[in-house]
1. In this structure, is A137 open to solvent by less than 30 Å² (accessible area, probe 1.4 Å) and farther than 16 Å from K273 by Cα?
2. Could you please find all residues in the range 196-236 being among the β-branched types (V, I, T) and open to solvent by less than 90 Å² (accessible area, probe 1.4 Å)?
3. Does the range 208-267 hold any residues that are in a loop (DSSP other than H, G, I, E, B), within 21 Å of G155 (Cα to Cα) and β-branched (V, I, T), and which are they?
4. Could you check how many residues of the range 37-52 are surrounded by 15 or more Cβ atoms within 10 Å (Cβ to Cβ), among the hydrophobic types (A, V, I, L, M, F, W, C) and not in a helix (DSSP H, G or I)?
5. If a residue must be among the β-branched types (V, I, T) and under 16 Å from P47 (Cα atoms), how many such residues does the range 221-255 contain?
6. Go through the range 37-55 and give me each residue that's in contact (Cβ under 8 Å) with a residue 60 or more places away in the chain and under 13 Å from L229 (Cβ atoms).
7. Looking only at the range 249-275, count how many residues are charged (D, E, K, R) and in contact with a helix residue (DSSP H, G or I) (Cβ under 8 Å, 6 or more places away or on another chain).
Amino acid sequence: LANLYFVGKQWYQRRVRGKAKYLHDSAFHPETGDKQNVIGRMSFQVPGGMLITGILLAFYKSPLEIFLGQWLNQSFNALVNFTNRSGDTPLPNSVIATAYVTATSAATATAIGLNKSLPALSTNPLIARFVPFSAVAAANMVNIPLMRNRELKDGIVLTDEDGNKLGVSKKAAREAITLVTFSRICIAAPGMLFTPIIMEYLEKPGRIMHNAGKLKSCGMQTFLVGCFLLGAVPMGCALFPQRMHIKVDRLERDLAETITSSNKDIKYVYYNKGL
C-alpha cells in the first residue's frame, strides 16, 4: 500500500494508502528497508523520553542517582541513534560500545561536576534543577557523532533528485550530524527547562506538591515532560527535512568535479540526514 501511495485516483484510496505510508515510514528505515526496533523509533520518543526525563529531573541530588539516571538515558539514546542513523552500512559492535561508554561517562561527569559547582555560585535551588538538561545536551554532542562515526569517516550517500547514487561525502555527513544533534537538544529543551520552573512553583508551601515524596514528584514531572514532548518531538523532527539537499559546489572538490562532469546542469544533491 505504501508503494502505491501516489497511484490511487479516488480520494478514499489516497487516504488509505497515505495512512499506510505514514505507518510504513515510522517503522521501516528509509534506506535499508529494515523494520526498526520499537524502542529506537522516533514514534517512541514521547513515552520513552517522558519516563526517562522524569526520572532525571526527580533524582538528581546524589552522585548515585545522577549516575543511574544518566546511564539509563544514554542507553536509550544510543539505541535511538543507532536505529535512526543514515545509510545502510552496518556498525561494528566496537563502535557501538565505544559510543555507549563514552557518552555515558561524559554525561555523568558533567552532571556531577555541575551539581557540585552551580550551587556554590548561587543559593537559588532552581539552578540545580537545570543540571540534568546540561548533562543531556553535553551527552548528545558526544553520543550522536560517535554512534554515527562511520559516516564521518567514510561519508554519507549522495543522490540526485530521482534517488540515483552519485557518491559519498564527508562534508554532508558533518552537516547531517550537526543538524540532528541540534534538533535532539531542541526536543529535550522544553520539558527539561520548563518543568523545573513549574515544579519549583508547585513545591512551595501551601501548594499541591509541597512535601511530596520523590515518587510523587517523579510522577508529576514525568506527566509534565510528556505534555511538552507531545509538541517538542514533532517540532524537533520538522526543524530540518529528513531528505536534505546541499549545493554541489559545497562538496569536496574531487567529488563535485566528478558529479558535474556527468551532468553540468546539476546544482543540488540530496542525502538522508537521519533523525
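The values are calculated or read from the model by the stated rules, or taken from the named source; none is laboratory data. It should be emphasised that the depicted structure is a prediction, and the values quoted were computed from it without experimental measurement. In this analysis, Cβ positions are derived from the backbone assuming ideal geometry, glycine residues included, and neighbour counts consider all displayed protein chains. Areas reflect the complete protein model, heavy atoms only, side chains present, ligands, DNA and RNA absent. Shrake-Rupley method; radii C 1.70, N 1.55, O 1.52, S 1.80 Å.
1. When the stated conditions are applied, A137 passes them.
2. Listed by number, the residues that qualify are I197, I198, T222, V225, V233.
3. The one that is in a loop (DSSP other than H, G, I, E, B), within 21 Å of G155 (Cα to Cα) and β-branched (V, I, T): I266.
4. Qualifying residue count for the region: 0.
5. 3
6. Listed by number, the residues that qualify are M42, Q45, V46, P47, G49, M50, L51, T53, G54.
7. 5
So that you can scan it fast, the table gives a plain yes or no per residue for (1) outside any helix (DSSP H, G or I); (2) modelled with pLDDT of 85 or more; (3) under 16 Å from V80 (Cα atoms):
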position	(1), (2), (3)
V157	yes, yes, no
G167	yes, yes, no
S183	no, yes, yes
A188	no, yes, yes
F194	no, yes, no
